[in-house]
Amino acid sequence: MLASKQFLRDFAYIANLYGWDADDVEDAKAQTGAHPELRLYWTQLAAAHRAGYKQSRDNNYMRLGRWLQRQEIYVHAFPTT
């Protein structure tokens, strides 16, 4: 998977945040290679977590798309409607 340094940082951030093991990382790489739209998802997910996003009981396990909408960020790739 050819990727920018920023994408690789975002991907590593998510892998570390979620505690992925080597098999998880390889699976995510394979899925991302098969579905390039996941690159945007990983980047948005990393940015959201850095900005305070977290699924919890307190926010009814809010989905990323909804959180982004509530942050007034328009997301083309992952509409929540």
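The values are calculated or read from the model by the stated rules, or taken from the named source; none is laboratory data. Keep in mind it's a predicted model, so treat the numbers as computed, not measured. Cβ: placed from backbone, ideal geometry, glycine included. Neighbour counts: every protein chain shown. We work out accessible area using only protein heavy atoms, side chains counted, and drop any ligands, DNA or RNA first. Shrake-Rupley method; radii C 1.70, N 1.55, O 1.52, S 1.80 Å.
Screening His76 against (1) open to solvent by less than 80 Å² (accessible area, probe 1.4 Å); (2) at pLDDT below 90; (3) not polar (S, T, N, Q) leaves a single unmet condition, (1).
Kindly provide the set of residues from the range 50-60 that are in a loop (DSSP other than H, G, I, E, B), over 18 Å from Asn16 (Cβ atoms) and open to solvent by 60 Å² or more (accessible area, probe 1.4 Å), ordered by number. If the condition is that a residue be in a loop (DSSP other than H, G, I, E, B), over 18 Å from Asn16 (Cβ atoms) and open to solvent by 60 Å² or more (accessible area, probe 1.4 Å), then Asn60 is the only one that fits. Within the range 4-49, the residues that satisfy the criterion of being outside any helix (DSSP H, G or I), within 25 Å of Arg66 (Cα to Cα) and free of Cβ contacts under 8 Å to residues at least 40 places away in the same chain are Tyr18, Gly19, Trp20, His35, Pro36.
Yes/no matrix, rows are residues, columns are (1) touching a helix residue (DSSP H, G or I) at 6+ places or on another chain (Cβ under 7 Å); (2) modelled with pLDDT of 95 or more:
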residue	(1), (2)
Ile14	yes, yes
Ala30	no, yes
Ala34	no, yes
Ala47	no, no
Gly52	no, no
Asp58	no, no
Arg66	no, no
